[in-house]
1. Looking at the range 132-165 only, could you name the residues that are in contact (Cβ under 8 Å) with a residue 60 or more places away in the chain, of a type outside the set (Gly, Ala, Ser), within 21 Å of VAL65 (Cβ to Cβ) and assigned to a helix (DSSP H, G or I)?
2. Step by step: first the residues of the range 46-71, then only those that are in contact with a Phe, Trp or Tyr (Cβ under 8 Å, 6 or more places away or on another chain) and within 17 Å of VAL112 (Cα to Cα), then the one that is surrounded by the most Cβ atoms within 10 Å (Cβ to Cβ). Which residue is that?
3. Regarding the range 112-122, can at least one residue be identified that is more than 19 Å from ALA185 (Cα to Cα) and surrounded by 20 or more Cβ atoms within 10 Å (Cβ to Cβ)?
4. Name the pairs whose Cβ atoms lie under 9 Å apart, with the first residue in the range 19-48 and farther than 16 Å from THR165 by Cα, the second among the polar types (S, T, N, Q) and assigned to a helix (DSSP H, G or I), and 6 or more positions between them or separate chains?
5. Checking GLY113 against (1) without any contact (Cβ under 8 Å) to a residue 60 or more places away in the chain; (2) part of a helix (DSSP H, G or I), only one condition comes out false. Which one?
6. Whether any residue in the range 198-208 is in contact with a Pro (Cβ under 8 Å, 6 or more places away or on another chain) and without any contact (Cβ under 8 Å) to a residue 60 or more places away in the chain is what I want to check.
7. Provide a single number: the residues in the range 261-308 that are part of a helix (DSSP H, G or I), more than 14 Å from LEU231 (Cβ to Cβ) and among the hydroxyl-bearing types (Ser, Thr, Tyr).
Amino acid sequence: MLNMIDFLNLIRWKNLLILAITQVLIKYALLEPFNVTVTLNGFGFSLLVLATVCIAAAGYVINDVYDIETDTINNPSKVIVGKKISEKNANYIFIFLTIFGVGLGFYLSNLVGHSGFAALFVAVSALLYVYASSLKKMILIGNIVISILVAISIIMVGVFELLPTVTADNQDTQVTFFKIILDYALFGFVINFIREIAKDIEDIDGDFNSGARTLPIIIGRERAGKVVFALLFVPLIGIIYYVTTYLYKHQIAIIYFLVLVVAPLIYLCVKSYSAETKKDWRHISNILKLVMLTGILSMVLYKYILLA
């Protein structure tokens with residue numbers, strides 16, 4: 001019988017929770033307070049979140065199926081597929097979650113009167129499978145693909161909530177808020193891309209034994225670490241520019257970003273420059289996930305900043 005704890009760990013429930021929180025914040029912290037015209041009611045939006053979460057969960061499952069050999073070396077104590085859940089059952093779970101998520105996507109697309117939107121769910125599901133089966137082992141390609149998918153999960157809310165309601169009268173408003181969503185999607189892409197490289201450095205031993213050709217395997221752990229160090233300046237400079245350009249009049253926002261986003265990024269710059277051990281890179285990866293969360297949570301501030 002399937003153990004619920006093992007199942008939740010298999011689908012990475014913590015990551016899925018962050019995904020769901022992100023989409024909820026976009027609707028209820030960024031769009032609703034400003035009376036932006038949206039498409040979905042509470043039920044429809046719940047379906048969007050559920051569809052996205054199911055497809056993402058399916059991606060985690062199939063990734064574990066293809067990573068049994070690698071995970072046995074990198075994190076033997078955390079291996080689920082093959083130990084706690086059979087590979088056969090894991091494949092069944094993947095198929096069910098994919099069909100259910102894509103099915104919800106088709107229903108939702110027809111609900112908003114844009115059946116073509118369903119292609120997004122199909123494309124994401126297909127990319128997750130191809131990523132797990134082959135792209136993940138290709139230098140930078142897998143990192144870029146999975147980071148694009150993270151960005152798409154954010155953009156998805158804008159696509160379903162804003163695009164179907166665009167008219168000549170509200171076009172400027174809809175475009176403005178869609179651009180804000182795109183800014184967060186770009187932030188998610190960059191942070192996740194850096195984190196993927198950090199994870200590759202952490203998992204270099206298992207990846208090497210499985211025949212993967214990740215960046216640290218090709219150029220070495222030390223050089224890859226310096227790449228992470230250099231890349232961290234991209235979000236750091238970007239956030240500082242964003243705050244000084246758009247939020248400079250709002251002290252609360254400045255303090256929030258300086259303390260919870262900029263400061264951790266500076267810390268990561270220092271840490272990544274001197275990181276050597278697997279433990280160091282796991283720590284960096286975890287802090288990057290935290291930065292992703294604090295960056296996303298900043299959406300809560302817009303209501304108090306712009307409506308003050």
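Just so it is clear, none of the values below were taken in a lab; they were calculated from the coordinates. Note that the coordinates shown come from a computational prediction; the quantities given were computed from them, not determined experimentally. Virtual Cβ from ideal backbone geometry, glycine too; neighbours counted across all protein chains shown.
1. Matches in the range 132-165: LYS136, LYS137, ASN143, LEU149.
2. ALA51
3. No; the residues of the range 112-122 include none that is more than 19 Å from ALA185 (Cα to Cα) and surrounded by 20 or more Cβ atoms within 10 Å (Cβ to Cβ).
4. Cβ pairs passing all conditions: LEU19/THR52; LEU19/SER153; ALA20/THR52; THR22/SER153; GLN23/THR52; GLN23/SER153; LEU48/GLN23.
5. Here GLY113 meets the rest and fails (2).
6. yes
7. 5
Condition check ((1) hydrophobic (A, V, I, L, M, F, W, C); (2) closer than 18 Å to LYS279 by Cα; (3) under 24 Å from the mean Cα position of the chain (by Cα); (4) buried (at least 20 other Cβ atoms within 10 Å of the Cβ)) across all residues:
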residue: MET156; (1), (2), (3), (4): yes, no, yes, yes
residue: VAL159; (1), (2), (3), (4): yes, no, yes, no
residue: ASP172; (1), (2), (3), (4): no, no, no, no
residue: ALA198; (1), (2), (3), (4): yes, yes, yes, yes
residue: ARG213; (1), (2), (3), (4): no, no, yes, no
residue: ALA224; (1), (2), (3), (4): yes, yes, yes, yes
residue: VAL234; (1), (2), (3), (4): yes, no, yes, no
